[in-house]
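Chemist: Before anything else, here's the structure in question.
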Amino acid sequence: MVLIIKGVIGAIITMLISSVAQTRFFYISALFPLFPTFIILSHVMTYKEFGVLGMRTTALFGLFSLIPCFFYLTSILILSKYISFVASTGIALAVWLSSATLLCLLWGHFNMGRLL
């Protein structure tokens, strides 16, 4: 049942992004993926399995996960000025994947969850 709810929420957000992207306020479409719907679901499921500490650890990792997002968006901003959309998106995706992998490795190595 939870998977069905997630799928419906994902479909609704996708439709909102598509609808807003076709208006003169197209830039607002970048805000919808950041709506905390999936974050809330993540916190609820983590809380059920691991309690408050697990939920707090997930929230802290969520804050750190903004770093790969920052690198992706920065890459898009810089690269799209010089190369095609497809190439800049592909490279930015590789930058995101690399930085997300590094984040996960560093998180595990330094056991960042213990900060809480």
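The values are calculated or read from the model by the stated rules, or taken from the named source; none is laboratory data. Given the structure is predicted, the values throughout are model-derived calculations rather than measurements. For neighbour counting, all protein chains shown are included, and Cβ atoms are generated from backbone atoms with ideal geometry for every residue, glycine included. Side chains included, ligands, DNA and RNA excluded: accessible areas come from the protein's heavy atoms. Shrake-Rupley method; radii C 1.70, N 1.55, O 1.52, S 1.80 Å.
Chemist: Could you give the angle, 0 to 90 degrees to the nearest 10, between helix 2-21's Cα long axis and the longest principal axis of the Cα atoms of the chain?
Modeler: 30
Chemist: So what's the angle, to the nearest 10 degrees on a 0 to 90 scale, between helix 37-64 and the longest Cα principal axis of the chain?
Modeler: 40
Chemist: Right, another one. As an exercise, identify the trypsin sites (Lys or Arg not before Pro) in the range 1-75 lying in DSSP coil whose Cβ has no more than 13 other Cβ atoms within 10 Å.
Modeler: ARG24
Chemist: Next question, about the same structure. For the range 8-116, what is the relative contact order in percent, using Cα pairs closer than 8 Å and at least 6 residues apart in sequence?
Modeler: Numbers: 61 pairs, mean separation 21.4, N = 109.
Dividing the mean separation by the residue count of the range 8-116 yields 20 percent.
Chemist: Among PHE64, PHE35, PHE50, whose mean-square fluctuation peaks in a Gaussian network model of the chain (Cα, cutoff 10 Å)?
Modeler: In this elastic network of the chain, the residue with the biggest mean-square fluctuation among PHE64, PHE35, PHE50 is PHE35.
Chemist: Another question, then. Quick one: ranking THR23, THR89 by accessible area, 1.4 Å probe, largest first, what do you get? Each step should come with its number before you reach the end.
Modeler: Working: THR23 60, THR89 40 Å².
Per-residue accessible area, sorted high to low, gives THR23, THR89.
Chemist: Before rounding to the nearest 500, sum -39500 (n - 2.57) across all DSSP H runs of length at least 4 in the chain and divide by the residue total; then give [θ] at 222 nm in deg cm²/dmol. Don't skip to the end; give the middle numbers.
Modeler: On the way: 4 runs with 88 residues, N = 116.
So the calculated ellipticity at 222 nm is -26500 deg cm²/dmol.
Chemist: Probe 1.4 Å, all protein chains in place: accessible area of THR74 in Å², nearest 10?
Modeler: 50
Chemist: From the list [x] 122; [y] 102; [z] 166, can you say which value of volume of the Cα convex hull per residue in Å³ was derived from the structure given?
Modeler: Structure-derived value, by its label: [x].
Chemist: Report, in degrees rounded to the nearest 10, the 0 to 90 angle that the Cα long axis of helix 66-79 makes with the longest principal axis of the chain.
Modeler: Helix 66-79 and the main axis of the chain meet at about 10 degrees.
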